[in-house]
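The values are calculated or read from the model by the stated rules, or taken from the named source; none is laboratory data. Just so it is clear, the structure is predicted and the values come from calculations on it, not from any experiment. With ideal geometry, Cβ positions are generated from the backbone for all residues, glycine too; neighbour counts draw on all protein chains shown. Note: accessible area is taken over every heavy atom of the protein model, side chains too, but ligands, DNA and RNA are not part of it. Shrake-Rupley method; radii C 1.70, N 1.55, O 1.52, S 1.80 Å.
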Amino acid sequence: MLASIRPHNEKAARLWGSGGRAYDPISRAVAGGILHGIDRLDPQPGERILDIATGTGLAARELAGLGARVSGVDIAEGMLAAAREIAAERGLNIDFRLGDAEALPYEDRTFDAAISTYGIMFTADPQTAAAELARVLRPGGRMAIIAWTPDSNAAVLRQVAAPFGPPPPEPPPPSPFIWGTDDGVRDYLSADFDVAYETGTLHMRFPDGEAAWRAFAEGFGPVKMVTESLDARRRQELADAFIQWSEQFRF
């Protein structure tokens, strides 16, 4: 199947791709959640596993290191270029493809298992993405999804940055944080999967608020593009707000 980005996701593809390789430190900062998802997936050597919204490929690399045959798909070419580069540097054979979680470029029943870590939750059409996930898995296939919950600090951080960005579209898309709720994930997936849900606490570690700001301003597409759209004064105001918010977690 040919890769295709659905028209309503083209802007998101540019946004997420803008960070390129600079996104990888953010993936490493949330690696605890990614590794927990891999543990729950229980990958076996030789299995075909799909990493949906792979980003710079951290989960895909971990899976390949465990002996799985891994494919990674993402709408953001800037992310994929970095994923391919890092995998090559580490001697890992991973099939990274441009593609949309809502129109996966794979045949039916291709994979033994799938994972998405802080990725599929950002799809604009979650019901279609969930159906695509079921379509590409073989009967009895497994999946693991790691997502932020509505009461997480990831949700609060969105509110910190919101006054500096453009107004939300009308009508607004479904909240990505629905994927982090028991009711939400069952609504999306229970027609095709037996669903188990659990919550946990993830610590994202940076040396200080300034370091966290630099990482997000350089590598996290939504923050990077807002930052680049601002004049110098407003950019500094956003930086100050982000750093002040981050510093409350210092210990």
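Filter the range 89-108 for residues that are among the small types (Gly, Ala, Ser) and either touching a His at 6+ places or on another chain (Cβ under 8 Å) or assigned to a loop (DSSP other than H, G, I, E, B) (or both) and give the result.
First, pick out the residues of the range 89-108 that are among the small types (Gly, Ala, Ser): 91, 99, 101, 103.
Gly91, Gly99, Ala101 - these are the residues of the range 89-108 that are among the small types (Gly, Ala, Ser) and either touching a His at 6+ places or on another chain (Cβ under 8 Å) or assigned to a loop (DSSP other than H, G, I, E, B) (or both).
Using the structure shown, decide if Asp42 is open to solvent by less than 10 Å² (accessible area, probe 1.4 Å), at pLDDT 95 or above and acidic (Asp, Glu). Walk me through how you get there before you give the answer.
Working: open to solvent by less than 10 Å² (accessible area, probe 1.4 Å): no; at pLDDT 95 or above: yes; acidic (Asp, Glu): yes.
No: the conditions fail for Asp42.
Do we have Ala22 as open to solvent by 30 Å² or more (accessible area, probe 1.4 Å) and either assigned to a helix (DSSP H, G or I) or free of Cβ contacts under 8 Å to residues at least 12 places away in the same chain (or both) here? Outline the logic, then answer.
Working: open to solvent by 30 Å² or more (accessible area, probe 1.4 Å): yes; either assigned to a helix (DSSP H, G or I) or free of Cβ contacts under 8 Å to residues at least 12 places away in the same chain (or both): yes.
Taking the combined requirement at face value, the residue satisfies it.
In the range 159-186, what residues are within 20 Å of the chain's Cα centre (by Cα), closer than 26 Å to Leu137 by Cα and part of a helix (DSSP H, G or I)?
Pro176, Phe177, Ile178, Trp179, Gly180, Asp182, Gly184, Val185, Arg186
For the range 117-145, what are the residues that are within 20 Å of Pro173 (Cα to Cα), touching a helix residue (DSSP H, G or I) at 6+ places or on another chain (Cβ under 8 Å) and small (Gly, Ala, Ser)?
Ala124, Ala129, Ala130
For the range 61-75, check the following and say yes or no: at least one residue is β-branched (Val, Ile, Thr), surrounded by 21 or more Cβ atoms within 10 Å (Cβ to Cβ) and either under 20 Å from Gly221 (Cβ atoms) or in contact (Cβ under 8 Å) with a residue 40 or more places away in the chain (or both). I'd like the intermediate steps shown before the answer.
Step one: list which residues in the range 61-75 are β-branched (Val, Ile, Thr), which gives 70, 73, 75.
Narrowing further to those that are surrounded by 21 or more Cβ atoms within 10 Å (Cβ to Cβ): 70, 73, 75.
Now restrict to residues that are either under 20 Å from Gly221 (Cβ atoms) or in contact (Cβ under 8 Å) with a residue 40 or more places away in the chain (or both): 73, 75.
Yes, the conditions are met somewhere in the range 61-75.
Of these, Leu98, Leu157, Leu92, Leu80, which one is under 26 Å from Val223 (Cα atoms) and either surrounded by fewer than 16 Cβ atoms within 10 Å (Cβ to Cβ) or out of contact with any Leu (no Cβ under 9 Å at 6 or more places or on another chain) (or both)?
Details: Leu98 fails: either surrounded by fewer than 16 Cβ atoms within 10 Å (Cβ to Cβ) or out of contact with any Leu (no Cβ under 9 Å at 6 or more places or on another chain) (or both); Leu92 fails: under 26 Å from Val223 (Cα atoms); Leu80 fails: either surrounded by fewer than 16 Cβ atoms within 10 Å (Cβ to Cβ) or out of contact with any Leu (no Cβ under 9 Å at 6 or more places or on another chain) (or both).
Only one candidate qualifies: Leu157.
Within the range 7-58, restricting attention to residues that are closer than 15 Å to Ala113 by Cβ and acidic (Asp, Glu), which residue is nearest to the chain's Cα centre (by Cα)?
Among those that are closer than 15 Å to Ala113 by Cβ and acidic (Asp, Glu), it is Asp51.
All but one of (1) touching a strand residue (DSSP E or B) at 6+ places or on another chain (Cβ under 9 Å); (2) hydrophobic (A, V, I, L, M, F, W, C); (3) without any contact (Cβ under 8 Å) to a residue 40 or more places away in the chain hold for Ala31, so report the exception by its number.
(1) is the only condition that Ala31 fails.
Kindly evaluate Ala144 against the criterion of being hydrophobic (A, V, I, L, M, F, W, C), open to solvent by less than 30 Å² (accessible area, probe 1.4 Å) and either in a strand (DSSP E or B) or at pLDDT 95 or above (or both).
So Ala144 fits the description; yes.
Just one of Asp192, Asp182, Asp240, Asp231 is more than 22 Å from Thr56 (Cα to Cα) and open to solvent by 90 Å² or more (accessible area, probe 1.4 Å); which is it?
Exactly one of Asp192, Asp182, Asp240, Asp231 is more than 22 Å from Thr56 (Cα to Cα) and open to solvent by 90 Å² or more (accessible area, probe 1.4 Å), namely Asp192.
Output the residues belonging to the range 53-74 that are among the aliphatic types (A, V, I, L, M), outside any helix (DSSP H, G or I) and out of contact with any Leu (no Cβ under 7 Å at 6 or more places or on another chain). Spell out the reasoning first.
So the first thing to find is which residues in the range 53-74 are among the aliphatic types (A, V, I, L, M), and the list is 53, 58-60, 63-64, 66, 68, 70, 73.
Imposing the further condition that a residue be outside any helix (DSSP H, G or I) reduces the set to 53, 66, 68, 70, 73.
Of everything in the range 53-74, those that are among the aliphatic types (A, V, I, L, M), outside any helix (DSSP H, G or I) and out of contact with any Leu (no Cβ under 7 Å at 6 or more places or on another chain) turn out to be Ala53, Leu66, Ala68.
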